[in-house]
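Trainee: Sharing a structure with you now.
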């Protein structure tokens, strides 16, 4: 029991010196990578830079204790930071203190929600975010984030809630571009793109091992930070208008619960839910991908608790919402992290930075942080996914495109909500007109196939409809309409068999429809039968009046139905099936699954 | 083409004297029934009594032209009138003129929405209202309507938006009960209940035919109206405080389009949509039930146009939202109506009443109308449905109970929206953890069954998982988790086969999950295969990279998969399957559905 909620008890007892060394090396590399990221994402969320550092200490320790992934690296990430900015930006708060307090509250609510979902084992709520919707949302977020950072590169003031507003505001400010800032910022962007695409092959050619070259290349942002800070400090660019991070309080954050403000919490609730879901989905897919590479396992429900406790930890140490980050987890994995202890060591690293190195950050240009964000988020932009989805499914593509456009034009929250709503509606639409076919018997076999595709035996008095979908409220009416049409178009029909091998569920709506169909067919003088009903579906039907009221029977196999319902054929036809007539009688009792009532006008012997 | 949109062209050309007589008789009976109903439902909607008459003239003519049911009787109905009152009551309008204008606009918007849905063939949007939700909603509406009418019976003023408020307000007013009103109202209620339950058997015993007795009993409300009006006029009860309908303008309504008020229309849009959907669902199920009794057909999409044009007609003649009513359609059917012409004749009847008889309505007590409403709507209350649904499905019962309680306590609009939302979520929940089973081969057969339920042959190196549900975003993660767990728990596994006979759909989310599973299994050194993939699903997969990247194969049958994947067994085992070895080689090519790439380490001969 305790093991389930405290995964640390599992790996800690076998922790040895080898793991310690591996984890320490990985932690060092991740720390170096995390310094610029945590500062930059705080900036993106509209918060003071040091808040990013605070969100990279205790949350990592909490995840080490409660998380199930061996290698997930937790902290501030781009999309969640953007969502934080959007959530708090909506509130029209009086000052930056209130803004920070709202961010801290957001992390707390998000943490509570995640833990609650974990304890209630509701991880599956994240399922409502379909992959195309998430993918489109992240692409759109990447574009918005990149656009929102351009103002720092240009050294101008320009805001906006959506891509259109941001670009218009930037365009209006182009004339006020601050050239020294642009030089630093554009230089950093070019350098970082070069590092990302060219440095690794260069290092490999110079004789380094590919993995080491890859890890060194990840240190690019730190190099950009160091160099531009030195230039800015040395050339005194801050007094010439290059905006810098400025004085950052030295020392660790003070701990404390966030103030409870019912009105504020209520306003933040939906945002916190969306942030929790998006963060969880992203984090779990990273964790699962990495775990599979070593045949390890993660527990999604416990991951909710791990991420929830990380957010609570962030909140009580003055931080903002966090989750598992993709690129830094991959770095952690590649650097050889073996246990979650690497995360705790990273936390120690960031704590030391916060204690000792913050004075060095004073002259760090915001343009450099913006450059690291732009280069990082553009890798999230994946237009190829649109193309792949278009090729596979128009329906999913529609949800994807709507999410992309709405997120870009109406903002992140409306975008994701609309995307979720639309994928639900489209799924219902797709299953509301299920594939169905009139079937007939393949000559010389016991198989039944679509009459439109195969030369099959049919009988105008016995129609068999096969429906290839679970029957539930979204397609209950379809079934009624389809059968009404069948009977109206086939005046000689006496028996209608609904063949159910692909029906995994019959809900109460569909059950009522079946009862209505049974009653209407009775009014029309047609017997209604079922065949090949699955075990769990049959179990449920036994609790309903349908089986009692059915004018026909329930047949185990469609072949049983065919033999029995054609038993009152003219003599010459019966003769041909005589050899199996005994087995027919045998199967009659077994074919009815305990409801073997014959109907009024039954002609069978 | 014209026939499709004008069903009248179909039946009018064969219209004969016999049908004319039948339709006239039915129209007379429905007219008598419709007079008190139309007055009462206008009162329920918060509108002047004559508006109910207006809504019972042109809409019936419009439905005669555009509707597809031979016997549906259109006009004001209880639930839609309640929803109209709720929609307009929310708006805080200045006076009763504005209230009436809003009702007229609501009918117009509702008509436009219905026609648009019909032209776009979106009848299936009504599918989102599951049967349990509709049933609970109607039961709750019936209770609210009955409670809201009690004030007329007591002769007091008491309002409220939900059942709780209404009952509290009534309780506070009990002391002010107006005794003459109560005497009339309670008398009418008792009389109407007696008519409903006892009059028919009495008439039958007196020698009448059951159907005629039934029809006569339906005239009970008209008798109550006549008698109480006479008493009120004769004893001059109106001056003693018995509230009466009062002066009603004589003559037909003037025609005209409603004023376009963008702000008002926007406010009414969601209400109009809900009214359209609820009205359509009710109407279509009545129409289908009656049509089946004569082996006739209705077209749901054309029904949308028929009901939409009825609402437009109601609006331009100063009426409020209408739809097909259950009890009056049954009366129309039982009275022998043969064609929609009966509806047009009923319209003529109501028009004559409006022209000639409105002076007689002046002294009609509101308490009598309230009594007819109460007796009518209590037949809508069906608590038995709760019990039946509980027995069949806890999930549907949850949606039902939530709809019932929310409608009673929070009002009709929130109730139905919450019901729809909840049934969607519960459906997703039910399919998000689909039934799945590890299967093994039944000895001596080619069938594969659940290893937990049957003594089957298994192989620790070949695991087969059968999933009994379509794969889509709600269960994509479940599948990833399930397979991750399987592989972690079975270290000897080399091949994992996903058996898909019940998979009717794989959406883009599930496709990505399958790709992720394939990649993760590859990282774990396990080959990933599919078997028994359905035709349409396979067709879709061919447009995806999955088949190209798959580390395993796609097998037509699970038996093919079993034979091939076990082909590298120790000699003695292979020997036993030797006889079929040739057919195995033959089937290899056909089993791969065009993607017959063998994987890297394939050991087959």
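The values are calculated or read from the model by the stated rules, or taken from the named source; none is laboratory data. Everything numeric in this text was worked out from a predicted model, so none of it was measured. Neighbour counts are summed over all protein chains in view; Cβ atoms, including those assigned to glycine, are modelled from backbone coordinates with ideal geometry.
Trainee: Being assigned to a strand (DSSP E or B) and under 19 Å from residue A:504 (Cβ atoms) is true for just one of A:437, A:474. Which residue is that?
Mentor: On the way: A:474 fails: assigned to a strand (DSSP E or B).
Going through A:437, A:474 in turn, the sole match is A:437.
Trainee: Continuing with the same structure: Check off (1) at pLDDT 95 or above; (2) touching a strand residue (DSSP E or B) at 6+ places or on another chain (Cβ under 6 Å) for residue B:308 and give me the number that stays unchecked.
Mentor: Exception for residue B:308: condition (2).
Trainee: Working only within the stretch A:538-556, note down all residues that are facing another protein chain (nearest Cβ under 10 Å) and either within 24 Å of residue B:502 (Cβ to Cβ) or crowded, with 21+ Cβ neighbours inside 10 Å (or both).
Mentor: Matches in the stretch A:538-556: A:540, A:541, A:542, A:543, A:544, A:546.
Table: residues versus (1) surrounded by fewer than 23 Cβ atoms within 10 Å (Cβ to Cβ); (2) under 21 Å from residue B:352 (Cα atoms); (3) assigned by TED's automatic domain parsing to the domain that holds residue B:351; (4) in contact (Cβ under 8 Å) with a residue 12 or more places away in the chain.
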site	(1), (2), (3), (4)
B:238	yes, no, yes, yes
B:248	yes, yes, yes, yes
B:253	yes, yes, yes, yes
B:262	yes, no, yes, no
B:268	no, no, yes, yes
B:276	no, no, yes, yes
B:290	no, no, yes, yes
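Trainee: Right, something else. Those residues that are within 14 Å of another protein chain (Cβ to nearest Cβ) and part of a helix (DSSP H, G or I), I need them from the stretch B:296-317; list them, please.
Mentor: Listed by number, the residues that qualify are B:300, B:301, B:302, B:303, B:304.
Trainee: I'm checking my understanding of the structure. Among residues of the stretch B:477-486 that are in contact with a strand residue (DSSP E or B) (Cβ under 9 Å, 6 or more places away or on another chain) and buried (at least 22 other Cβ atoms within 10 Å of the Cβ), which one is nearest to the other protein chains (Cβ to nearest Cβ)?
Mentor: From the stretch B:477-486, those in contact with a strand residue (DSSP E or B) (Cβ under 9 Å, 6 or more places away or on another chain) are B:478-479, B:482-483, B:486; that's our starting set.
Checking which are buried (at least 22 other Cβ atoms within 10 Å of the Cβ) leaves us with B:478, B:483.
On the way: B:478: 7, B:483: 10 Å.
Top of the filtered list is B:478.
Trainee: When you look at residue B:463, is it touching a strand residue (DSSP E or B) at 6+ places or on another chain (Cβ under 7 Å) and either buried (at least 17 other Cβ atoms within 10 Å of the Cβ) or part of a helix (DSSP H, G or I) (or both), yes or no?
Mentor: yes
Trainee: Related question: Answer with yes or no whether residue A:398 is in a helix (DSSP H, G or I), surrounded by fewer than 24 Cβ atoms within 10 Å (Cβ to Cβ), within 14 Å of chain B (Cβ to nearest Cβ) and in contact with a helix residue (DSSP H, G or I) (Cβ under 6 Å, 6 or more places away or on another chain).
Mentor: no
Trainee: Any idea which of A:520, A:563, A:571 is within 9 Å of another protein chain (Cβ to nearest Cβ) and either crowded, with 19+ Cβ neighbours inside 10 Å or modelled with pLDDT under 90 (or both)?
Mentor: A:520
Trainee: With the structure loaded, tell me whether residue B:320 is over 20 Å from residue B:129 (Cα atoms) and either out of contact with any helix residue (DSSP H, G or I) (no Cβ under 9 Å at 6 or more places or on another chain) or more than 14 Å from chain A (Cβ to nearest Cβ) (or both) or whether it fails that test.
Mentor: Yes, satisfied.
Trainee: Which condition breaks for residue B:491 when tested against (1) at the interface with another protein chain (Cβ under 9 Å from one of its Cβ atoms); (2) outside any loop (DSSP other than H, G, I, E, B); (3) farther than 28 Å from residue A:532 by Cα?
Mentor: Single failed check for residue B:491: (2).
Trainee: Considering (1) farther than 23 Å from residue B:62 by Cα; (2) modelled with pLDDT under 90; (3) in a helix (DSSP H, G or I), say which one residue B:268 fails and leave the rest.
Mentor: Among (1) farther than 23 Å from residue B:62 by Cα; (2) modelled with pLDDT under 90; (3) in a helix (DSSP H, G or I), residue B:268 violates only (2).
Trainee: Also, I was wondering about something else. Being assigned to a helix (DSSP H, G or I) and farther than 24 Å from residue A:237 by Cβ is the filter here; which residues of the stretch A:149-175 pass it?
Mentor: Once the filter is applied, which keeps residues that are assigned to a helix (DSSP H, G or I) and farther than 24 Å from residue A:237 by Cβ, the stretch A:149-175 yields A:163, A:164, A:165, A:166, A:167, A:168, A:169, A:171, A:172.
Trainee: Here's a follow-up. Only residues in the stretch A:135-164 that are assigned by TED's automatic domain parsing to the domain that holds residue A:87 and farther than 18 Å from residue A:192 by Cα count as the first member; pair them with residues that are at pLDDT 90 or above and outside any helix (DSSP H, G or I), Cβ under 6 angstrom, at least 6 apart or cross-chain, and list the lot.
Mentor: From residues that are assigned by TED's automatic domain parsing to the domain that holds residue A:87 and farther than 18 Å from residue A:192 by Cα, the pairs are A:155/A:178.
Trainee: Could you tell me how many of the residues in the stretch A:153-163 are modelled with pLDDT of 90 or more and under 19 Å from residue A:381 (Cβ atoms)?
Mentor: 1
Trainee: Can you give me the number of residues within the stretch B:430-454 that are within 12 Å of another protein chain (Cβ to nearest Cβ), surrounded by 17 or more Cβ atoms within 10 Å (Cβ to Cβ) and either touching a helix residue (DSSP H, G or I) at 6+ places or on another chain (Cβ under 7 Å) or closer than 24 Å to residue B:274 by Cβ (or both)?
Mentor: 5
Trainee: Restricting to the stretch A:9-30, count the residues that are in a helix (DSSP H, G or I) and surrounded by fewer than 23 Cβ atoms within 10 Å (Cβ to Cβ).
Mentor: 13
Trainee: A follow-up question, please. Spot the failing condition for residue A:409; the list is (1) within 14 Å of chain B (Cβ to nearest Cβ); (2) in a helix (DSSP H, G or I), and only one is missed.
Mentor: (1)
Trainee: Okay, next question. Could you check the stretch A:503-517 and list, in sequence order, the residues that are surrounded by 23 or more Cβ atoms within 10 Å (Cβ to Cβ) and facing chain B (nearest Cβ under 7 Å)? It would help to see each step written out before you state the result.
Mentor: Of the stretch A:503-517, the ones surrounded by 23 or more Cβ atoms within 10 Å (Cβ to Cβ) are A:503-504, A:506-514, A:517.
Within the stretch A:503-517, A:504, A:507, A:508, A:509, A:511, A:512 meet the criteria.
Trainee: Here are the criteria: (1) more than 9 Å from chain B (Cβ to nearest Cβ); (2) modelled with pLDDT of 85 or more; (3) closer than 30 Å to residue A:532 by Cα. Tell me which single one residue A:366 does not satisfy.
Mentor: Status for residue A:366: all satisfied but (3).
Trainee: Can you find a residue in the stretch A:218-232 that is touching a strand residue (DSSP E or B) at 6+ places or on another chain (Cβ under 9 Å), crowded, with 16+ Cβ neighbours inside 10 Å, farther than 30 Å from residue A:26 by Cβ and away from every other protein chain (no Cβ under 14 Å)?
Mentor: Within the stretch A:218-232, one or more residues are touching a strand residue (DSSP E or B) at 6+ places or on another chain (Cβ under 9 Å), crowded, with 16+ Cβ neighbours inside 10 Å, farther than 30 Å from residue A:26 by Cβ and away from every other protein chain (no Cβ under 14 Å).
Trainee: Could you list, in sequence order, the residues of the stretch A:119-141 that are away from chain B (no Cβ under 13 Å) and farther than 16 Å from residue A:282 by Cα?
Mentor: Correct list: A:119 only.
Trainee: If you go through the stretch B:527-536 one residue at a time, do you hit one that is within 8 Å of another protein chain (Cβ to nearest Cβ), at pLDDT below 90 and either touching a helix residue (DSSP H, G or I) at 6+ places or on another chain (Cβ under 8 Å) or in a loop (DSSP other than H, G, I, E, B) (or both)?
Mentor: So far as the stretch B:527-536 goes, yes, one or more of its residues are within 8 Å of another protein chain (Cβ to nearest Cβ), at pLDDT below 90 and either touching a helix residue (DSSP H, G or I) at 6+ places or on another chain (Cβ under 8 Å) or in a loop (DSSP other than H, G, I, E, B) (or both).
Trainee: Suppose we filter A:365, A:340 for residues that are buried (at least 17 other Cβ atoms within 10 Å of the Cβ) and under 25 Å from residue A:22 (Cβ atoms); which single one remains? Walk me through how you get there before you give the answer.
Mentor: Numbers: A:365 fails: under 25 Å from residue A:22 (Cβ atoms).
When all the criteria are applied, what remains is A:340.
Trainee: Now for a different question. Hey, can you tell me all the residues within the stretch B:31-62 that are under 28 Å from the mean Cα position of the chain (by Cα), more than 19 Å from residue B:226 (Cβ to Cβ) and not in a helix (DSSP H, G or I)?
Mentor: Within the stretch B:31-62, B:45, B:46, B:47, B:55, B:57 qualify.
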